[in-house]
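Working notes for the structure below.
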Amino acid sequence: MTKTRKTRLLIIGSGPAGYTAAVYGARAMLKPILVQGLQPGGQLTITTDVENWPGDSRVEGPHLMMRMEDHARVMGTEVVNDIIASVDLSTRPFKAVGDDGTIYLADALILATGAQAKWLGLPSEEALKGFGVSACATCDGFFYRGKEIVVIGGGNTAVEEALFLTNFATKVTLIHRRDSLRAEKIMQDRLFKHPKIEVIWNALVEEVLGEPGGSGVTGVRISDIKTGDERVVPCAGFFVAIGHAPASDLVKGQVDLYVDGYVKVRPGSTETSVPGVFAAGDLTDGVYRQAITSAGMGCMAALDAERWLALHGEAAPGNEVEGLVVEA
């Protein structure tokens, strides 16, 4: 039996953009369905303290996302724990298929799938994923209590993860390919003052050392960009924090993308190249990439979708009805 769900507004993704779009969509009486995706709550669920969310001088990322989810539900959004495997934007209603085979039909669609961690692309890195190589300090930091850890990166994420990992490690080494960090100054100040953290500048990671399934990560081989000299930095954990790439594979070839994979939207709006399909959050934002800007774009997407639906109405009717239909 295949389940088919019909809704006026389908939201794919559950970070600040998705949940905010859900709140506004529900308030507009669109009865949205939000499909959470692989990581319910998005990147903030793997962030420790958030200090720049208005109204909260300090709040834990997972707690903030739980509040957003609760708000969306209270407003009338149906939140579904599923992963969208494919979408078809060629006809209306738009069609999305979940991992369990559920078919979602929607008159309008908001894409809020966010971004995914970038990796260095080293064969040794790939081989040791799950054996000491990670992209989530809050997920895996506990496993390295009393050990030495290496973090690669130079932005806010790298600095935040390095600071967080000092709660467990005896030493954290931050490796950066440049001679200065891109992170906010207040974050850099905390990093440089921390007695457990050492920074290695102008260095590239050439290889992650260790045995998959055996001892795991034992160190990293790095080279100096200026001199070419190589050395090994011992560690039991290797955390990659070099940024994120937009999770746009789901709609690749169906909506216009920039060269780097971000979804193109019309300036001043969240409209994509497909009428009735809107994009918000890190999926379309390669500049700011903040929770507050993602939430703002989620609001815009819901308002854009509401206005578009008011002008275009529902898609051509079929045998589906709003809610659940069971098909043979």
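Every read-out reported here was derived from the displayed coordinates using simple, explicitly stated rules and does not represent laboratory data. All values derive from a computational prediction rather than experimental measurement. A quick note on method: Cβ atoms are made from the backbone with ideal geometry, for glycine too, and the neighbour counts reach across all protein chains shown.
Modelled spin labels at Phe142 and Asp249, positioned 7 Å past Cα toward Cβ, are 2.9 nm from each other.
Along each principal axis, taking the top coordinate minus the bottom one, the Cα set of the chain gives 67, 43, 34 Å in descending order. Footprinting exposure proxy ranking of His244, His194, fewest other C-beta atoms within 10 angstrom first, gives His194, His244. Residues Asp82, Asp249, arranged from fewest to most other Cβ atoms within 10 angstrom of their Cβ, appear as Asp249, Asp82. Here the spin labels are modelled as points 7 Å beyond Cα on the Cα-Cβ line, and at Ser215 and Lys3 they lie 4.9 nm apart.
Listed cross-link partners Lys147/Lys196; Lys6/Lys95; Lys3/Lys95; Lys147/Lys185; Lys118/Lys226 are compared with a 21 Å cut-off, the Cα-Cα value being larger for Lys147/Lys185; Lys118/Lys226.
Placing a label point 7 Å from the Cα of Glu198 along the Cα-to-Cβ direction, the residues of segment 150-170 whose backbone N falls under 17 Å of that point are 150-153, 162-163, 166, 169-170.
Other residues whose C-beta falls under 10 angstrom from the C-beta of Asp304 contribute a net charge of 0, scoring Lys and Arg +1 and Asp and Glu -1. Taking 20 Å as the cut-off, the amide N atoms of segment 184-200 that come nearer than this to a point 7 Å along the Cα-to-beta-carbon line of Asp224 belong to 198-200.
Amide H contacts for Lys118 (H built 1.01 Å from N in the peptide plane; partners 5 or more residues away or on another chain; cut-off under 5 Å): Ile242, Gly243, His244, Ala245. Applied to segment 60-70, the Karplus parametrisation 6.51 cos²θ - 1.76 cosθ + 1.60 on θ = phi - 60° returns per-residue 3J(HN,Hα) values of 6, x, x, 5, 4, 6, 5, 5, 5, 5, 4 Hz, with x for Gly and Pro.
Karplus-based coupling profile of segment 181-198, in residue order and whole Hz: 9, 9, 5, 4, 4, 5, 5, 4, 4, 5, 4, 5, 7, 7, x, 8, 10, 10, with θ = phi - 60° in 6.51 cos²θ - 1.76 cosθ + 1.60 and x standing for Gly or Pro. Considering only Cα atoms, the convex hull volume of segment 123-240 works out to 90 Å³ per residue. Dipole magnitude for the chain: about 420 debye, using +1 per Lys or Arg Cβ and -1 per Asp or Glu Cβ, origin at the Cα centre.
Length available on full extension from Glu207 to Asp56: 0.36 nm per residue minus the Cα-Cα distance, which gives 50.3 nm. Amide H to amide H, with H built 1.01 Å from N, Ser14 comes under 5 Å of Gly41, Gly42, counting only residues 5 or more places away or on other chains.
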